[in-house]
């Protein structure tokens with residue numbers, strides 16, 4: 001018995017062109033390619049909640065990947081903004097989807113981890129975009145790196161109406177990432193083995209904003225990772241993005257997350273030696289976040305905590321940051337936007 005022909009793939013909305021809407025000549029709508037179950041399976045996960053404005057672009061950037069064995073799991077938290085209608089329109093090309101209230105992003109992704117059957121896994125938030133050919137490129141890279149758990153690259157980042165900048169990954173030096181707090185593993189450009197999740201665990205559902213930071217640090221610490229330069233996707237900045245709307249939530253989660261990391265039993269001496277410096281840096285960052293939010297008493301409290309952890313480092317870091325800010329101001333260079341520019 002022959003399989004029924006798939007329904008027509010949804011055309012792009014009026015005015016949409018380029019990836020993931022049309023081919024390079026901007027004339028012909030893109031369509032999913034042929035499937036081949038003999039190829040390594042890749043599971044792509046999208047958690048979503050009330051992101052109808054961006055969701056269709058995210059979905060198309062997944063289902064139009066040229067890798068022939070793709071499993072797509074989309075978990076919507078019970079959206080009421082038209083998201084379900086978009087999901088239904090692309091339902092034939094989504095392996096599994098559900099729209100119901102859940103316990104948040106981490107719980108949704110963990111549910112997908114348990115359902116995933118792919119050899120490799122990645123997740124794409126519903127307001128971001130995977131670039132054309134990303135999945136097949138990653139699978140080829142894993143094919144020559146049997147002992148690597150996680151591969152990550154670079155991403156574009158910015159606002160739809162403004163210029164974009166490149167958020168570069170960095171080599172996986174765990175101690176440097178502890179010392180600087182810069183976990184340079186852009187989530188939109190990261191893929192890992194399903195066996196790594198089985199070995200090291202999924203996301204910690206307690207976290208709202210440090211969930212992927214803690215997950216990637218765990219892999220960098222206990223597994224094997226490799227940074228391969230190259231653009232993988234687009235990290236969209238907008239007023240409703242969690243990294244912006246919940247900036248002060250970092251103040252609640254960062255100190256606890258890093259405290260628990262250093263509280264692990266049998267921690268290597270090289271890691272243990274960084275505790276005072278790292279915790280001072282954590283509280284300095286919290287102080288800066290609260291100062292930017294106008295919460296001066298909280299800012300001073302975290303500054304005092306930084307001083308208690310490592311006074312020399314706290315003072316040096318404080319004045320170095322202020323001097324760098326003055327240099328940017330008088331040289332006309334844009335300043336950092338703090339945690340918004342870090343891969344979360």
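Any read-out appearing in this document is the output of simple, stated calculations on the displayed coordinates, not a laboratory observation. Predicted, not measured: the structure shown is a model, and the values here were computed from it. Here the Cβ positions follow ideal geometry from the backbone for every residue, glycine too, while neighbour counts run over all protein chains shown.
Quick notes on this one:
- Relative packing of peptides 290-300, 39-49, 127-137 - highest average C-beta neighbours within 10 Å first: 39-49, 127-137, 290-300
- Between 0 and 90 degrees, the angle of helix 249-262 with respect to the longest Cα principal axis of the chain falls at about 80 degrees.
- Gyration tensor verdict on segment 122-257 (Cα atoms; rounded if a/c is under 1.5, prolate if a/b is larger than b/c, oblate otherwise): oblate
- Among 195-203, 208-216, 269-277, the peptide with the highest mean count of other Cβ atoms within 10 Å heads the list, and the full ranking is 208-216, 195-203, 269-277.
- The alpha carbons of segment 231-309 give a radius of gyration and a Dmax of 15.2, 42 Å, in that order.
- Just so you know, the Rg over Rh for the chain is 0.99, from Cα atoms, with Rh as the Kirkwood radius.
- Once the Cα atoms are used to define both axes, helix 52-63 deviates from the longest principal axis of the chain by about 70 degrees.
- Based on C-alpha pairs under 8 angstrom that are at least 6 apart in sequence, the chain has a relative contact order of 15 percent.
- Largest-first principal axis extents of the Cα set of segment 191-283 (Å): 41, 32, 26
- Cα long-axis angle, helix 134-143 against the chain (0 to 90 degrees, to the nearest 10): 80 degrees
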